[in-house]
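Comments concern the structure below.
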Amino acid sequence: MAKEKKEKIPKVNEASGKSVLVIGVVLIVCSIILSIISGYMLVKAMDKKTEVMESTREPGNLPLTQIESYETDNIVLQLNSTSDPEKTMSFTFYVGFMLDKKDKQLEATKELLEEQKNVIKSKISGLLKTKSVEEMLRPDSQDIIAKEIYVLMIELLQTDTLDNVYIRDFLYR
């Protein structure tokens, strides 16, 4: 009969078992520390993204309870047509400004609007005198005009109090 081979089973040193355990514990501790660091970095990145979103927010997103309105006097324009130079039309409307009630500069902005109302009206009229009858009669003209006036007013006022601009009583004849 063939000789039976006895396989040798290697003995596990207690020292090597302890070293594997220590290495495992160290890896677990490192992964926990890295998870905490990555979570902290993620929270900071989200905070910065929120700040950027707030600073570049779209106009008109404030709730109605947080808005105070200010309007210009009646603006009257007489514009020429691009297709027929002898054709003119009169446009009459009010420009309204939505102001953030919770902004710290609200009172200063209201005072500036009141003190400079003639200059503001003149600037708005100057902006709109570059338009033609056809541009003013487009279906989306009031929105376009309001956005252009918003940009103009942000440059003039240099404040975050202004939330949006609207056109009221837009009439033409």
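All of the numbers you see were taken from the coordinates with simple rules; none came from a lab. Not measured: the values here are computed from a predicted model. All Cβ positions, glycine included, derive from the backbone under ideal geometry; neighbour counts span all protein chains shown.
Below, the figures for the structure above:
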| item | result |
| --- | --- |
| Backbone HN-Hα couplings from phi across the stretch 160-173 [Karplus 6.51/-1.76/1.60, Hz, Gly and Pro as x] | 8, 5, 6, 9, 6, 10, 9, 10, 10, 6, 7, 10, 9, 8 |
| Karplus-derived 3J(HN,Hα), 6.51/-1.76/1.60, for each residue of the stretch 126-143, Hz, glycine and proline x | x, 5, 7, 5, 7, 8, 10, 4, 4, 5, 6, 8, 4, x, 9, 4, 5, 5 |
| Sites Ala45 and Glu114 - FRET efficiency at Förster radius 35 Å, r taken between beta-carbons, to 0.05 | 0.25 |
